[in-house]
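Some notes on the structure that comes next.
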Amino acid sequence: MLTATKVATAFGYVLAAELRPCGIDMSFTPVLDLNYGQSRR
């Protein structure tokens, strides 16, 4: 069974592998998503 930490780590590696060839730095990905409710748009 996978733990949340292992899943998050695996996701990070996949994301990095896909973004690196595009020249996108991983440090620009969001690390925290705050729920302020629905936007008005």
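Details
- Counting 0.36 nm for each residue step from Asp25 to Gln38 and taking away their Cα separation leaves a gain of 1.8 nm.
- Among 13-19, 3-9, the order from most to least packed when residues are scored by Cβ within 10 Å on average: 13-19, 3-9
Taken together, the values in this text are just the output of simple stated rules run on the coordinates, not laboratory data. Just so we're clear, the structure is a prediction, and the values are computed from it rather than from any experiment. Note: ideal-geometry Cβ built from the backbone for every residue, glycine included; neighbour counts use all protein chains shown.
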